[in-house]
Amino acid sequence: MVNRKIIYTSPFIPAEFIAAYGFIPIRISYSGDEYNEPIKIETGVCPYMRGFINYSTQIDNTSGIIITTTCDQMRRGSEFLNNNSEINYFLMNIPSSWQTLNSNNLYLQELKRLGEFLISVGGIKPNDEKLVSFMLSYERKRNELLSNHDTLSKKKKIPIVLLGETLTKENFYIFDLVSEFGGEIIVNATENGERTFPAKYNKRSIKDSPLLSLTESYFNAIPNIFKRPNDEFFNWLININKTRDILGIILLRYIWCDLWHSEVARIRECLNVPLLDIEITSNKTILRERNRIQAFMEIIKCQTSQNK
Amino acid sequence: MSDVPKQITIFEWERNLELLNKLGIKQPWYGGNLSRHIADGDTRLKSLLFDNSLEALNLWNFLLTENERLENAVQNGKKLVGTMKDLGTIPIIVYSTANLIAFYPDGAWWIPCIMEQNSTVLTIADKMGIDESFCPVRAMLGAFIEEGHFPKTDLLISSSGAICDDFSAIAQRLEGLGNPISWWEIPYRRNPNTKETSVELPGGFIAEASQISFVKEELKRIIKIISDTANTKITNEMLSESIAKANQIREVLSQLRLLTFTAKICPLPSLELLIAEMMAIHYCSDRDEVLVVLNNLLSLVKKRVENKIGYFGLNAIKVFWINPVADIRVMNILENCGGRICGTEYLFTHALDAIPVDIEPLEALARMALADPMVGPSTDRAKRICNDIRRFGSEAVVISKIPGASHCALEGSLIANTIRSNFDIPIIKIEVPSISNSFEESIKTKLSALVETVNNNKSKSLKII
């Protein structure tokens, strides 16, 4: 089949699942600031959601767009896709409560429903063997990425965790900025970083039920701020703090994103390292925050020297 | 004291009450001078206008004495269940038991309005990192920390999933402070595809059958938790009885709304009707007394309609109001500007609809929960609003944005577009903060402009004829 794109945004959508149906899964990390339709700028509108919806409707050769229910902004944003009959989109229901069999079953059923959507837009349902093959292949690639990351992180700079929502391409600049001021982002814990990699597949059960394996590794295992309760997210952070010797956290959150904003104080309380809270309003935010980032790195340097 | 309906201030109520007392008219145990609540810190009452009937007085006193009721209940050995966000479903389960009381801590969102500067709940929320970019329901967080606004709860239950981000975030923050919450999931209500089984919900929305099954499982889990708290096994019979009582209250409210919205002369001001509607969600912590209060209010309205007496004259513009206001004084302002409320959608229409009794109770409750207008697309909500606009003959629409509320950013446009495609009536969006004093002139200007627009359109129509 002709390679066609499926646009998606959430880490809870397994890319390998989409690929197994014969599509190219493309996770958009682009702000789309310059597009003003279908969602206009308005007070209270999350710029990331707006950018994603507006940009994804402009991409050519798209078979479909997949979004999730993990935040109110995206749920409302999806209605603008619904108003455009030329766009094939799928709203995947990702439960917030995650500790019950009921929620796990719902996620699994949503994967099946996603499969039906992919067929409806031209995909071919893979048999279990093919799906497992894609799952293991993607897992190998994720492992490679993580091992490369470990190699890169052996430089002697101030280790920083970058935490928060999806990092868009315009904001990748932050890596250079932190490096310029003597730091290194050793853990990308944003929504498109290692925090949201799925857990390793259970090799014993993956062949028996690949969908159940996807549920266990994605839905159950990815720590996230929207989950209720979201203690596992904080446990993950505490663990990172212990195991990676981090000296600071930079938190990137979008303006009007209540889910991240509400947890800033708790993140600060649960980790005993300095936290820089950056509210992203546009794709120029990181540039504007240069001085703050520099000051933040200097504070950490001073603290580190004093401790020595 | 006259039978002629009149909006009066709290101080005029003091004089009226003296007369009532002289006439030997008995009030319920929670009755008395409204102005005594000012001493408790509810100073906003000084700025409001009240209906001058005894029935309205009882309504207000019933509302403003809720905390006393909760304290008494706890002292009498009842356990307190704080139910959050679902607005109508869980209290039905709680009230099926004899020794539990349910209330919504969400109601704390009105504390900054009613108590004005006397409350520090918002300051506390600010210090917790929940600033004014969040919806005024952040006051709930402050209320839990400040204490004294309601007794300590024995159990906290909150819906999660397709709920607004503000509430979800604030409830999670509350749990993070050491208040365990029993979460239950409400999935985003979607329209079934052609291969799936459709089920019509109370109120007319459609859901897919497996979503109802999902919610049933969630409610089973919550029923178990409530049962354990009550030390009582909750049976289907108990649930059915509780549903029947809920339906009694909903029937009274349904009649009250229909009469008020369709009467030629408005028989009841919008503020009293707003309070009455709010009582549907948890009965203001006394399920038996709320029926008395509402039935009396309904009798009053019937009498006024029959006698063709009321407020605002025949020419008051009929306004459909969407979303509750953080500052209830704005309802008075609308009426001062020449409008009257003929239609409301305060985010909990599912708590006003009759719950089906021809199906097993858990199925009925699950359908009701999924009928929450906030759980599905805004366009579904808008279609229901359009049906009501037709039913009530509304001439204009006000979409009242709640500052900081995650759903308000986009839903206003979605709802307005749907209404525009069905009606040629003016629509405005206003934002109402918890204390609207500094915005009052701006709000008045917008509401007056809306009224003028409708009047101008009417004049033009007459000229064409």
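Derivation of every value follows stated rules applied to the coordinates shown; laboratory data play no part. Just so we're clear, the structure is a prediction, and the values are computed from it rather than from any experiment. Neighbour counts are summed over all protein chains in view; Cβ atoms, including those assigned to glycine, are modelled from backbone coordinates with ideal geometry.
Determine the relative contact order of chain B: mean sequence separation of Cα pairs under 8 Å and six or more apart, normalised by residue count, in whole percent.
It comes to 18 percent, rounded to a whole number.
Please give every one of the lysines within straight-line cross-link reach of A:Lys284, meaning a C-alpha to C-alpha distance under 17 Å, and leave out same-chain neighbours fewer than 8 residues apart.
Partners found: A:Lys169.
Would you mind checking the tilt of helix A:290-307 against the longest principal axis of the Cα atoms of chain A, expressed as 0 to 90 degrees and rounded to 10?
60 degrees
With every atom except the alpha carbons ignored, what do you get for Rg and Dmax of the protein assembly as shown, in angstroms?
Radius of gyration, then largest Cα-Cα span, for the protein assembly as shown: 27.5, 89 Å.
In the structure shown, do any of B:Lys22/B:Lys308; A:Lys125/A:Lys200; B:Lys46/B:Lys264; A:Lys157/A:Lys200; A:Lys112/A:Lys207; B:Lys78/B:Lys224 have a Cα-Cα gap over 21 Å, and if so which?
B:Lys22/B:Lys308; A:Lys125/A:Lys200; B:Lys46/B:Lys264; A:Lys157/A:Lys200
Per-residue HN-Hα couplings for the range B:73-85, Karplus 6.51 cos²θ - 1.76 cosθ + 1.60 at θ = phi - 60°, whole Hz, x for Gly and Pro?
With the stated coefficients, the range B:73-85 comes to 4, 5, 5, 8, x, 7, 9, 9, 10, x, 9, 10, 6 Hz.
In the P(r) worked out for chain B, what percent of Cα pairs fall beyond 36 Å?
26 percent
Averaging over every viewing direction, what projected area does the convex hull of the Cα atoms of the range B:1-90 cover, in nm²?
Orientation-averaged projected area of the Cα hull: 7.7 nm².
Past the 19 angstrom mark, what percentage of all C-alpha to C-alpha distances in the range B:283-341 do you count?
Pairs farther apart than 19 Å: 53 percent.
GNM on chain A, C-alpha springs below 10 Å: top fluctuator among A:Ala20, A:Ala221, A:Ala295?
In this elastic network of chain A, the residue with the biggest mean-square fluctuation among A:Ala20, A:Ala221, A:Ala295 is A:Ala295.
From the cross-link list B:Lys6/B:Lys444; A:Lys242/B:Lys220; A:Lys203/A:Lys227, which pairs have alpha carbons spaced over 28 Å apart?
Violating the 28 Å limit, Cα to Cα: A:Lys242/B:Lys220.
Please list the equivalent ellipsoid semi-axes of the range A:50-174, computed as the square roots of five times the alpha-carbon gyration tensor eigenvalues, in descending order and whole angstrom.
With the √(5λ) rule applied to the range A:50-174, the semi-axes are 30, 22, 18 Å.
For chain B, build the charge dipole from Cβ charges (+1 Lys, Arg; -1 Asp, Glu) around the Cα centre, then report which of B:Trp183, B:Ser400, B:Ser285 sits farthest towards its positive end.
B:Ser400
With each label point set 7 Å from Cα along the Cα-Cβ vector, what nm distance links A:Asn148 and B:Asn231?
6.3 nm
Across bins of 5 angstrom width beginning at 0, how are the C-alpha pair distances of the range B:51-206 distributed, in whole percent?
The distribution over the range B:51-206 is 2, 8, 15, 18, 18, 15, 11, 7, 4, 2, 1, 0, given as percents.
Where does chain A land at 222 nm, in deg cm²/dmol rounded to the nearest 500, when only DSSP H runs of n ≥ 4 count, each adding -39500 (n - 2.57), divided by all residues?
When only DSSP H runs of four or more count, the value is -13000 deg cm²/dmol.
For B:Lys303, go through the aspartates and glutamates and keep the ones whose alpha-carbon is under 15 Å away, minus same-chain ones fewer than eight residues off.
List returned: B:Asp3, B:Asp51, B:Glu55.
Relative contact order (percent) for the range A:60-164, with alpha-carbon contacts under 8 angstrom and 6 or more residues of separation?
19 percent
How would you rank A:Trp260, B:Trp183, going from fewest to most other Cβ atoms within 10 Å of each one's own Cβ?
A:Trp260, B:Trp183
What relative contact order, as a whole-number percentage, does chain A give when Cα pairs under 8 Å and 6 or more residues apart are counted?
18 percent
log10 I(q)/I(0), Debye, Cα-only the range B:217-316, no solvent, q = 0.18 Å⁻¹?
Taking Cα atoms of the range B:217-316 as identical point scatterers yields -0.85.
What 222 nm value per residue comes from the helices of chain B, counting each DSSP H run with n ≥ 4 as -39,500 (n - 2.57) and dividing by all residues, nearest 500 deg cm²/dmol?
Calculated at 222 nm, the ellipticity per residue is -15500 deg cm²/dmol.
Expected output is a single nm value to one decimal: the length gained when fully extending between B:Gln27 and B:Ser299, i.e. 0.36 nm times separation in residues minus the C-alpha distance. What is it?
Residue separation times 0.36 nm, minus the Cα-Cα distance, leaves 96.3 nm.
Within the range B:253-296, what residues put their amide N at less than 19 Å from the label point 7 Å along the Cα-to-Cβ vector of B:Ser448?
Within reach of a label on B:Ser448: no residues.
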